[in-house]
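Take a look at the structure below.
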Amino acid sequence: MPDIRPICPELARKARDELHEVPERLDDDIAALRAWLAKCPHIKSRTDDQFLVTFLRGSKYSLERAKEKLDLYYSVRSALPELMRNRDPFEPKMATLMRLGSAIPLPETETSDGPRIILIRPGAYDPEKFSIQDVFKFNCMMGEVMMREDDNVGIAGQMGIIDLANTTMAHFLQFNPTFVKKVTMLSQEASPLRLKGFHYINTPTGFETVYNMFKGFMNEKNRSRLHVHGSNMEALYKYVPKRLLPEEYGGDAGSVQSIAEKWAKKIESYRDYFVEDEQYGTDEKKRPGKPRSADNLFGIDGSFRKLEVD
């Protein structure tokens with residue numbers, strides 16, 4: 001039997017019905033992906049069952065798509081050292097950022113097979129003290145911990161609530177088209193975790209510029225999952241029940257600070273994992289065919305094919 005976590009019956013049903021997971025075939029599917037990795041001279045990858053099954057689920061058990069996504073996952077990470085290297089949760093700046101509550105996964109999902117909801121609060125950090133690279137480095141670290149531990153994320157996907165209260169023009173000025181394209185490719189195409197929508201609340205003047213930039217780099221399916229609610233919280237509750245939100249938003253999930261502190265400690269417990277992770281990636285000099293580079297992956301006019309993701 002493959003060494004993966006057991007999942008609740010509702011998630012097992014969703015994995016079967018939506019992702020085409022066949023428990024009796026899991027061993028063979030994982031073995032096929034591992035055998036392919038062994039023949040790829042340019043990819044140095046994690047190969048444990050739990051890691052590989054996340055890519056199979058993220059590709060709806062198409063082995064070819066799983067291979068392509070895994071290759072892209074490590075290619076993009078290798079081309080983004082500013083986000084993927086020197087990830088020490090005890091580094092003072094990172095330790096401070098993790099506890100600000102700028103991004104927190106909410107503890108409960110609407111149903112046992114529902115997507116994980118992540119509350120993103122850019123106004124929680126001072127753009128004079130933290131760069132957008134700092135913030136996304138932390139977001140990527142948190143995402144990897146979820147990818148390792150959270151079967152709701154791996155099977156049902158993730159939904160973002162982006163609360164833009166207290167954001168300033170200084171926050172928006174940290175974004176540029178090149179960086180936006182990089183993080184959009186990272187989350188939309190190179191990640192095995194499925195995006196199930198973004199809900200924007202408390203949107204200020206100036207928000208449209210960054211919003212349209214992100215929207216321009218998204219595929220049609222993900223563009224259709226963007227919802228702007230302004231200050232209309234009742235509109236948000238149609239998608240996310242109020243009870244799931246932190247108490248600052250009138251919900252039952254505990255305080256933002258308590259959730260942020262819990263997540264900071266969890267990420268700190270992964271320190272050795274992040275140090276070890278430095279060894280994984282692609283060596284483009286060994287890639288059969290044309291090497292990938294930051295230019296041909298992220299060039300604003302680059303033609304790298306978008307994967308069809310759900």
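The values are calculated or read from the model by the stated rules, or taken from the named source; none is laboratory data. What you see is a predicted model; the values in this text were computed from it and never measured. Please note: Cβ atoms are built from the backbone with ideal geometry, for glycine as well, and neighbour counts cover all protein chains shown. Accessible surface areas use protein heavy atoms only, side chains included; no ligands, DNA or RNA. Shrake-Rupley method; radii C 1.70, N 1.55, O 1.52, S 1.80 Å.
Choose one answer from G114, G251, G143: the residue with the largest mean-square fluctuation in a GNM of the chain with alpha-carbon springs under 10 Å.
G251
Can you give the alpha-carbon Rg of segment 157-218 over 2.2 N^0.38 Å, where N counts its residues? Working shown, then result.
Working: Rg = 12.1 Å, N = 62, 2.2 N^0.38 = 10.6 Å.
Scaled against compact globular proteins, the figure is 1.15.
Quick one: dipole size for segment 171-310, taken about the Cα centre, charges +1 on Lys/Arg Cβ and -1 on Asp/Glu Cβ, in debye to the nearest 20. Could the numbers behind the result be given before it?
Values: 22 positive and 19 negative charges, 100 e Å.
That gives a dipole near 480 debye.
Calculate what fraction, in whole %, of the accessible area of segment 11-100 sits on carbon and sulfur atoms when a 1.4 Å probe is rolled over the protein chains.
Numbers: 2010 of 3810 Å².
That share works out to 53 percent.
Sequence-distant or interchain residues sharing an amide H contact under 5 Å with L119, placed H: which?
I104, L106, I161
Provide the per residue accessible area, probe 1.4 Å, for the chain, rounded to a whole number of square angstrom. Working shown, then result.
Values: 13980 Å² over 310 residues.
It amounts to 45 Å² per residue over the chain.
How big is the accessible area of S269 in square angstrom, nearest 10, if you roll a 1.4 angstrom probe over the protein chains?
For S269, solvent-accessible area is about 90 Å².
How big is the shadow of the Cα convex hull of segment 183-223, averaged over all directions, in nm²? Mind dumping the intermediate values first?
Numbers: hull surface 12.6 nm².
The directionally averaged projection comes out at 3.1 nm².
Whose amide H sits under 5 Å from the amide H of Y200, counting only residues 5 or more places off or on another chain, with H placed in the peptide plane?
The answer is I162, H227, V228, H229.
On a 1.4 Å probe surface of the protein chains, which of E64, E276 comes out largest in accessible area, and what is the full order? Could the numbers behind the result be given before it?
Working: E64 120, E276 75 Å².
Descending accessible area places them as E64, E276.
Tell me the trypsin sites (Lys or Arg not before Pro) within segment 81-176 that lie in a loop according to DSSP and have at most 12 other beta-carbon atoms within 10 Å. Before the final figure, lay out the partial values.
Numbers: sites: R85, R87, K93, R99, R116, K129, K137, R148; in loops: R85, R87, R99, K129.
Here the sparse-neighbourhood loop sites are K129.
Calculate the translational D of segment 56-212 in whole µm² s⁻¹ from Stokes-Einstein, where the hydrodynamic radius comes from the Kirkwood formula applied to all Cα pairs, the temperature is 10 °C and the viscosity 1.306 mPa s. Before the final figure, lay out the partial values.
Values: Rh = 16.5 Å.
The calculation lands on 96 µm²/s.
Rounded to whole Hz and in sequence order, give me ³J(HN,Hα) for segment 279-295 from the Karplus expression 6.51 cos²θ - 1.76 cosθ + 1.60, θ = phi - 60°, writing x for Gly and Pro.
Each residue of segment 279-295 in turn: 7, 8, x, 10, 10, 5, 5, 9, 5, x, x, 6, x, 9, 9, 4, 5 Hz.
Sum -39500 (n - 2.57) across every DSSP H segment of at least 4 residues in the chain, then divide by the residue count to get the 222 nm mean residue ellipticity, nearest 500. Write out the running numbers ahead of the final one.
Numbers: 16 runs with 146 residues, N = 310.
Mean residue ellipticity at 222 nm (helix-derived): -13500 deg cm²/dmol.
Would you tell me the accessible area of T205, worked out with a 1.4 angstrom probe on the heavy atoms of the protein chains, in Å² to the nearest 10?
In the full protein context, T205 sits at about 130 Å².
How long are the semi-axes of the equivalent ellipsoid of segment 160-310, taking √(5λ) for every eigenvalue λ of the Cα gyration tensor, in whole Å from largest down?
Numbers: eigenvalues 199, 101, 46 Å².
In descending order the semi-axes read 32, 23, 15 Å.
If the cut-off is a Cα-Cα distance under 24 Å, which lysines reach K286, setting aside same-chain residues fewer than 8 apart in sequence?
Within the straight-line limit of under 24 Å, K286 reaches these lysines: K39, K44, K67, K69, K182, K306.
How about K242: which lysines have a C-alpha closer than 20 Å to its C-alpha, ignoring those fewer than 8 places off in the same chain?
K196
Let's test this: bin the Cα-Cα distances of segment 1-135 at 5 Å from zero up to the farthest pair and state each bin's percent.
Values per bin, smallest distances first: 2, 8, 14, 15, 15, 15, 15, 11, 4, 1, 0.
Taking the Cα centre of segment 168-231 as origin, work out the dipole magnitude from +1 charges on Lys and Arg Cβ and -1 charges on Asp and Glu Cβ, in debye rounded to 20. Show your work: numbers first, answer last.
Working: 8 positive and 3 negative charges, 45 e Å.
In debye, rounded to 20, segment 168-231 gives about 220.
Could you bin all the Cα-Cα distances of segment 33-82 into 10 Å bins starting at 0 and give me the percent of pairs in each, rounded to whole numbers?
That works out to 26, 58, 16, 0, in percent per bin.
Can you pull a Stokes-Einstein diffusion coefficient for the chain at 25 °C (0.890 mPa s), Rh from Kirkwood over Cα pairs, as a whole number of µm²/s? Let's see the in-between values first.
On the way: Rh = 20.2 Å.
Value of D from the Cα-based Kirkwood radius: 122 µm²/s.
To the nearest 20 debye, what charge dipole does the chain have about its Cα centre, counting +1 at the Cβ of each Lys and Arg and -1 at the Cβ of each Asp and Glu?
Here the chain has a charge dipole of around 740 debye.
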